[in-house]
1. So, with +1 on the Cβ of K and R and -1 on the Cβ of D and E, and no other charges, what is the size of the charge dipole of the protein assembly as shown about its Cα centre, to the nearest 20 debye?
2. Can you give the average number of partner chain beta-carbon atoms within 10 Å of each beta-carbon in peptide B:201-209, as a whole number?
3. Rounded to the nearest 0.05, what FRET efficiency is calculated for A:Glu27 and B:Lys35 with R0 set to 30 Å and r the Cβ-Cβ distance?
4. Taking the 0 to 90 degree range and rounding to the nearest ten, how far is the long axis of helix B:94-105 tilted relative to the main principal axis of chain B, both from C-alpha atoms?
5. Okay, helix-only estimate at 222 nm for the protein assembly as shown: each DSSP H run of n ≥ 4 adds -39500 (n - 2.57), divide by all residues, round to 500 deg cm²/dmol; what do you get?
6. Over 20 Å between Cα atoms, which of B:Lys89/B:Lys115; A:Lys127/B:Lys115; A:Lys35/A:Lys64; A:Lys113/B:Lys115 qualify?
7. What residues have an amide H closer than 5 Å to that of A:Ser210, excluding those fewer than 5 places away on the same chain, when H is modeled at 1.01 Å from N in the peptide plane?
8. So for region B:68-141, Kirkwood radius off the Cα pairs, Stokes-Einstein at 37 °C and 0.692 mPa s: how many µm² s⁻¹?
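Values in this text are rule-based calculations from the coordinates and carry no lab data. Predicted model only: the values in this text are computed from it and were never measured. Cβ atoms come from the backbone with ideal geometry, glycine included; neighbour counts cover every protein chain shown.
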2 protein chains.
Amino acid sequence: MNIVPALDGERKSRKASKETRRSQLIEATIDSLAKRGYSDTTLANVADGAGLSRGIVNFHFESKEKLLVATLQHMSDEYSGHWNAALEKAGPRAADRIWALINADFDRRICTKRKLAAWCAFWGEAKSRPTYQALCGMNDRDYQQTFVTLCTALKAEGGYGYDPEAMALGICSMMEGLWFRLMMNDGLTREKALAAAIEYVAAVFPDHISTSGVK
Amino acid sequence: MNIVPALDGERKSRKASKETRRSQLIEATIDSLAKRGYSDTTLANVADGAGLSRGIVNFHFESKEKLLVATLQHMSDEYSGHWNAALEKAGPRAADRIWALINADFDRRICTKRKLAAWCAFWGEAKSRPTYQALCGMNDRDYQQTFVTLCTALKAEGGYGYDPEAMALGICSMMEGLWFRLMMNDGLTREKALAAAIEYVAAVFPDHISTSGVK
DNA sequence: ATATTTTGACTGAATGTTCATTCAAAATAT
DNA sequence: ATATTTTGAATGAACATTCAGTCAAAATAT
């Protein structure tokens, strides 16, 4: 069972730091959510997945509910950290920023089947659990608001006729829907999804964006 | 508890037809999924919601799993029946058909918080349950294929430069995402979602569709 | 340096709860 | 009278949670 030698000082030494154990358990939780879904994820599954004993989750997280909240928090932080970083890297021009956000959403690091499936497991429970809903909703509001600002800027520059609020809502919805379909539909690849998203913004902002990049 | 008098011959006569009982239980299941989510929906909840006794579900459906599959099947049939009917009513012109499909998706009868929440409960479980995935996926494929055909027709008529596959994927994804946000976000109304969807197709097919209707 | 004590992460068997399912009896219909 | 439907208590399986005990490493004493 305990095959790992001394090599991995963090992972299997009897005393790993509390933080290390916590993230180890959070990763195992994501694995289980992705493989088994929300309702079939048990603490036994998580503990087995982490290669630790049965009581371990309650020791580090007090309860199953708190483990799940910590897991969602972790994914949420990672996601919003990622798109905020992409925004920082992009220049100040609105078209560049939109381009960066769209590409960030389909980045290899963020947009894996494993993570999408875990997200979806939480979404399915979110409406009936205020805690999950709050965690999912918080980022979303920021994210959509960012798009409203950018669409407003492009409209001012380019003289498009659209309502920026409606446009931003449409774009954000499309990207969420693409994520969802990536998870559900085995035929769809990250590349195709990204291409569809870009085709759309290129169609909507023809003066600023084309399928091959920002003009 | 049992307040309903004789009035409702279908609902509380001791012998309601098997089919009547089944749909009564299916409706109670949708209620519970919407209120409590998938993982907190129990047979006791469903039976209570229907105003019947605890053992009743197993009598009519054999198992919880079969009740849930029947419920999903019911929602799926209703949904695809609705958009197919909308297509029949619309004329043969591609732009009219797209307009009809989009409006159908946000129709008052289909697009209720209750039903969206129930859909979402199933989506969250679908990736790890082949039966659900098959039921969700079947319609979706038809639906998206319908849009591919329509986008192809518009492209031929209007000389747009888009790839019809990518465009159809984008549109379907957006509508799914809008449904999702309708369920999650209390500030969003059916009317705003519909307006965003229409703005989207109007932007993409400017020669055929405007925000006020088909040209 | 070596031995002893203390610390705190970790284990896994035991416990109690929740829940789907079963079924014998009751109610109702034919 | 017989068949069908409904009830609700009983059953047992699955699961989260608890906790007394184990163990490795750190701290301290000799």
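1. Magnitude of the dipole: close to 1400 debye.
2. Going residue by residue through B:201-209 and averaging, the value is 2.
3. Efficiency, rounded to the nearest 0.05: 0.40.
4. Here the helix axis deviates by roughly 30 degrees.
5. Roughly -23500 deg cm²/dmol at 222 nm, from the helical runs in the protein assembly as shown.
6. Over 20 Å apart, Cα to Cα: B:Lys89/B:Lys115; A:Lys113/B:Lys115.
7. Long-range HN contacts for A:Ser210: A:Lys215.
8. So the translational diffusion coefficient is about 249 µm²/s.
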